[in-house]
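K.L.:
My structure is below; once you've seen it, I'll send some questions.
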Amino acid sequence: MKKSGALRAILTAGVVVGVLDISSAFVIWWQRGVTIQRGLQGIAAGLLGAKSYEGGMATDGLGLALHFFVAFVVASTFYLASRKIPFLTQQPLLSGALYGIGV
């Protein structure tokens, strides 16, 4: 039962972090005149190289998947670290802000 609570917390945090981060990326791309498709393909470019811009919707999906994978890794790391370090459990708001600045 305890493990399902941890998994739920990690999944919820990963989705929230991912949605907030990709939303801010959309706004930044819009301000710079970059299309959403080009921005998502740019995320996939780290894995696929320059050919990612020729891949269409498949590379868009890969870019979005990579983005959320990183969000889940960050949420998992913070969750695991917060269980081992007492300060992180006593001051969650402050520790979350410090961790966010660090990342």
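The values are calculated or read from the model by the stated rules, or taken from the named source; none is laboratory data. Please read these numbers as outputs of a predicted model, since none were measured by experiment. Methodologically, a virtual Cβ is constructed for each residue, glycine included, from the backbone with ideal geometry; neighbour enumeration extends over all protein chains shown.
K.L.:
Scanning region 2-23 for residues that are modelled with pLDDT under 85 and among the hydroxyl-bearing types (Ser, Thr, Tyr), which turns out surrounded by the fewest Cβ atoms within 10 Å (Cβ to Cβ)?
P.N.:
Ser4
K.L.:
Related question: Within region 75-88, does at least one residue satisfy the condition of being over 21 Å from Leu7 (Cα atoms) and at pLDDT below 75?
P.N.:
Of the residues in region 75-88, the ones over 21 Å from Leu7 (Cα atoms) are 87.
Remaining after also requiring at pLDDT below 75: 87.
Yes, the conditions are met somewhere in region 75-88.
K.L.:
With the structure loaded, tell me whether Gly33 is modelled with pLDDT of 75 or more and surrounded by fewer than 12 Cβ atoms within 10 Å (Cβ to Cβ) or whether it fails that test. Steps first, please.
P.N.:
Working: modelled with pLDDT of 75 or more: yes; surrounded by fewer than 12 Cβ atoms within 10 Å (Cβ to Cβ): yes.
Spelling it out, Gly33 is indeed modelled with pLDDT of 75 or more and surrounded by fewer than 12 Cβ atoms within 10 Å (Cβ to Cβ).
K.L.:
Right, another one. Only residues in region 17-46 that are at negative phi count as the first member; pair them with residues that are modelled with pLDDT under 85 and charged (D, E, K, R), Cβ under 6 angstrom, at least 6 apart or cross-chain, and list the lot.
P.N.:
Gln37/Asp60; Leu40/Asp60
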